[in-house]
Each structure stands twice: as C-alpha cells, then as structure tokens.
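See structure below.
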Amino acid sequence: EKGGYDHFMLKEIAEQPRAVADTLLGRVGADGLLTLDEMRLSDQELRDINKIIVVACGTSYHAGLIAKYAIEHWAGIPCEVELASEFRYRDPILTRDTLVVVISQSGETMDTLMAVRHAREQRSRVLAICNVNGSTIPRESDAVLYTHAGPEVAVASTKAFLTQLVACYLVALYFAQVRGTKFGDEISQIIAELAETPSRIEEVLETMEPVRELARSLADERCVLFLGRHVGFPVALEGALKLKELAYMHAEGFAAGELKHGPIALIDEGLPVVVVVPSPLGQRVTHEKIVSNIQEIRARGAKTIVIAEEGDSTVEPYADALIRVPAVPTLLQPLVATVPLQVFACELATAKGHDVDQPRNLAKSVTVE
Ligand code: M6R
C-alpha cells in the first residue's frame, strides 16, 4: 500500500500535486469565483465578522500562521493565530462576530478540540479545516471545510499541510469576494494561479535529487537553523519541525529579521542554515533584507542553503547550496517552498537510519492534552 515507495512519507510527498488539486475541486465556479457554501454563514454574517482567530497545533499551526498573511492581505480582516494549548487557557476576547478557524488534519487533536469547545461556549462561530471526514472536531464545529489530501499515514504531516494552506487561501479569498475587498477579476486571477500550483509542485518534485544528496551530506551535523521572512517564516518553522521529528536533530526556525536580536550569536563555522528567500518582485524590501542576512551569516562561517525563486540571481554568490523553486505569487510561495524541506528532512532521517513513518515518541494524532 506504499505504492512502490519505501515509506508512506515519500508516497505522501509525491501525492501533493493531486492533493492540492483535489482540495480546489468543486469549489470554483464557471466564472472563476468561489462557491464555498460549506462556510454555512450568510453573506451578511460573513460581512459582520470583525476578527478571525486561527487555532491549531504543530504543522497545522504553521498553516495557520500563513493564513494570517492571506486573510489580512486579501480580506482585510484582523487575524490572530494561536497554539490551541495556549488559547484554551487564557481569556481570549470572543464575540459572535469573531470567527474561530481551527485547523486539524486528524480532527481528533485534544488541545484543538478543547479550543473549539472554549470558543463555542463564548458564542463564537467555529469553522474547522479538517482532513478526516466525520471526525470529532468537525462534528463539534459550526462549519467545516474539508481538505482532500486523502489518508495521511506517516506521522510527519506533508500533504495535509499543503491542502490546509489551500483551504486557508480559499477562506481568505472567499471573505475578500463576499466583502468586496478585492475585485472579482483579481480574485479569479489568484484562483487561476492557485490552480496552477499542482504543476509547480510537480516541477519541484522532479528536481529533488540535489536536495537528497545535500541532506545525506549533512547527516552528521548536530544542528540546522532555518530562516525566513513574511510567509517564508512559517515555512522555516515547518522545515525545522520536520527535521526535529524525523532526524531527531536540533533544528530551529527564526524570523530572519530577528537574527540581530539574538540568534546570530549561534552562527558558527560550518553551521548549516537554510534560508527561505522571498520573491524579489513580490517582496522587494524583505528580499533585499534577507539577501544581506545571508551575507552576514556567511561571513560568520555559516553554510548557507538557500531556497530561492527561479531567476533570482542576486542570491547566487552567497549560496553554498541553492535550491530553486518556481516563481509563484508571494502568498502562495509556501506551497512550493515547503516541499524541498520535507524531502530534506525525510532523506536526512533515512540517512541516519531512522524510521521516518513512525518517529520515536510521536503519535499520529495527539488525543490527550
Ligand atoms: O491532526 P492535527 O493537524 O490536529 O495535528 C496537529 C499536530 O499534532 C501535527 O501537525 C504534528 O505536529 C505533526 N506530527 C507534524 O508533522
């Protein structure tokens, strides 16, 4: 049932183009706009929402962090993102006009379920983004937007993450559509770009051999750092989480802008640092800043592993290893930039002889708080 792959994780990484396409399926009308009846809120109710709080754990939380950029940029609604285990034990200010979006692959994560209950007790509306039909979280939520990743068996989440991102983009765009914060043709344009991402992901998958080779060469390292900005920051966090889970290595993701506020002290001769570079066109300012970060860490001895858009030549002189991803609109970059990090972690763990599908101490769904 691994379909010829050595591990479920590899199979699930390979299934990502299809998973992304399936999650879009049936949600776009002939006019190129969204039909998301699943939201189960009237247009007036959608217009009345004045705050969105996204709540999740682990990889799903990273999807939430990316959702914030899309929701604020496209829909213009204030958005907070919080770990379910923290949300639950503070006193979040929730009203009927707050939409709580919970993200959970399994639909059974206890911390996230408790957050659903906490939000509903305070009369907030809860929308679940979930991959498992009929699981507990969607059953207890007001509405559900299913991701269509298909069963995810490997403990480390891969295809579920990419489809969660798609669902988050759809929610953000739907709000923009209903509230009129973007024109219809801008929305259909973004949706068309989204519909192109399965083939972009396919392209990434076809160029992974150098990434595997690189991963194997780093199997004896003790620590890897990950840096990113804007939506590349949660991608860095996700890259680090994958490496912790699978390779049992110390891996840490930072916002590149924070470097000088502390983390740069960690940079030492030969330390591998993965940098997710924003698009030079879509993110001109942050792009410039991150290129100087790469120079700074390299001058201090870091081995720079740079993930950059095709055609971005500015990074070439400072990259010890360069991983190319296709150019896509800035907010969609995580759909392509995460993939090499999944492959990297999987290969490195395999090189160390670890069980990538069943890493030590971890369970697929965490049903205790
Ligand atoms: O099923 P959920 O999405 O609620 O699970 C949340 C986390 O437990 C999960 O994403 C975990 O971090 C994965 N092992 C990450 O690879």
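Here LEU281 fits the description: aliphatic (A, V, I, L, M), open to solvent by 20 Å² or more (accessible area, probe 1.4 Å), closer than 24 Å to VAL231 by Cβ and assigned to a loop (DSSP other than H, G, I, E, B). In the condition set (1) in contact (Cβ under 8 Å) with a residue 12 or more places away in the chain; (2) more than 24 Å from VAL166 (Cα to Cα); (3) within 16 Å of the ligand (Cβ to nearest atom), GLN122 is compliant with all but (3). Annotation note: of ILE66, ILE103, the sole residue that is within 16 Å of the ligand (Cβ to nearest atom), at pLDDT 95 or above, closer than 18 Å to ILE190 by Cβ and of a type in the set (A, V, I, L, M, F, W, C) is ILE66. Exactly one residue out of ALA172, ALA128 is within 21 Å of PRO234 (Cα to Cα), within 12 Å of the ligand (Cβ to nearest atom) and either modelled with pLDDT of 95 or more or touching a strand residue (DSSP E or B) at 6+ places or on another chain (Cβ under 9 Å) (or both): that is ALA128. Close Cβ contacts (under 9 Å, 6 or more residues apart or on different chains) running from residues in region 354-369 that are more than 17 Å from LEU83 (Cβ to Cβ) and near the ligand (Cβ under 10 Å from one of its atoms) to residues that are in a loop (DSSP other than H, G, I, E, B) and open to solvent by 70 Å² or more (accessible area, probe 1.4 Å) comprise LYS364/GLN358.
From the list ALA192, ALA215, the lone residue that is open to solvent by less than 30 Å² (accessible area, probe 1.4 Å) and assigned to a helix (DSSP H, G or I) is ALA215. In the condition set (1) more than 15 Å from the ligand (Cβ to nearest atom); (2) open to solvent by 10 Å² or more (accessible area, probe 1.4 Å); (3) touching a residue at least 12 places away in the same chain (Cβ under 8 Å), ALA143 is compliant with all but (2). Considering each residue of region 249-259 in turn, at least one proves to be in contact (Cβ under 8 Å) with a residue 60 or more places away in the chain and over 22 Å from ILE52 (Cα atoms). Residues of region 89-111 that are assigned to a loop (DSSP other than H, G, I, E, B), open to solvent by less than 60 Å² (accessible area, probe 1.4 Å) and not polar (S, T, N, Q): PRO92, LEU94, ASP97, GLY107. Among residues of region 55-67 that are touching a residue at least 12 places away in the same chain (Cβ under 8 Å), those with a Cβ under 6 angstrom from a residue that is open to solvent by 10 Å² or more (accessible area, probe 1.4 Å) and within 6 Å of the ligand (Cβ to nearest atom), sequence gap 6+ or separate chain, pair up as CYS57/THR109; THR59/SER157. Residues in region 189-206 include at least one that is over 30 Å from GLU38 (Cβ atoms) and at pLDDT 95 or above.
The values are calculated or read from the model by the stated rules, or taken from the named source; none is laboratory data. This structure is a prediction, so every number in the text was calculated from the model and none was measured. Virtual Cβ from ideal backbone geometry, glycine too; neighbours counted across all protein chains shown. Remember, those area values only see protein heavy atoms, side chains included, never the ligands or the DNA or RNA. Shrake-Rupley method; radii C 1.70, N 1.55, O 1.52, S 1.80 Å.
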